[in-house]
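Right, one structure below, let's go through it.
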Amino acid sequence: MNQSKLQDEKNRGEKARLLLEEPLIKESFELLKKEYKQAIFQTKYNEDDTRTALWQAYHITDKIENHFHTVVETGKLATVQLNQLKKNST
């Protein structure tokens, strides 16, 4: 992988980390997942479609949050690779 691509991944990872550490973003993920979970348990026995939609919303929210975590980890790996390239070039 070239240095430019690694630098891009490092930068994306840093942006994702900052977003995940942002209190409003953290609160949003936690609140949405909590509300979806509570709403699922408040559905009536015959509200299968509503329960399914809430389940999907909960898991989509989780997937989005996990995507940010993946970008952070990719950025960390890119940083290690960039440092290794620098070390090898000297």
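Any read-out appearing in this document is the output of simple, stated calculations on the displayed coordinates, not a laboratory observation. Because the structure is a prediction, the values reported are computed rather than measured. We place every Cβ from the backbone using ideal geometry, glycine too, and count neighbours over all the protein chains shown.
When ILE25, ILE64 are sorted by how many other C-beta atoms sit within 10 angstrom of their C-beta, beginning with the fewest, the order is ILE64, ILE25.
Taking a Cβ cut-off of under 14 Å around GLU9, the surrounding Lys, Arg, Asp and Glu residues balance to a net charge of +3, with basic ones at +1 and acidic ones at -1. Adding -39500 (n - 2.57) for every DSSP H run of four residues or longer, then dividing by how many residues the chain holds, sets the calculated 222 nm ellipticity at -31500 deg cm²/dmol. Ranking of LYS5, LYS33 by neighbouring Cβ atoms within 10 Å, starting from the fewest: LYS5, LYS33. With contacts taken as Cα pairs under 8 Å at a separation of at least 6 residues, the chain carries a relative contact order of 52 percent. For the chain, modelled as a GNM whose springs connect Cα atoms under 10 angstrom apart, the maximal fluctuation among TYR36, TYR45, TYR58 occurs at TYR45. What does the charge count near LYS76 come to, summing +1 for each Lys or Arg and -1 for each Asp or Glu among other residues with Cβ under 12 Å from its Cβ? Charge balance near LYS76 sits at 0.
For LYS37, what is the net charge nearby, where nearby means another residue's Cβ is under 13 Å from its Cβ and Lys, Arg count +1, Asp, Glu -1?
Around LYS37, the charge tally is 0.
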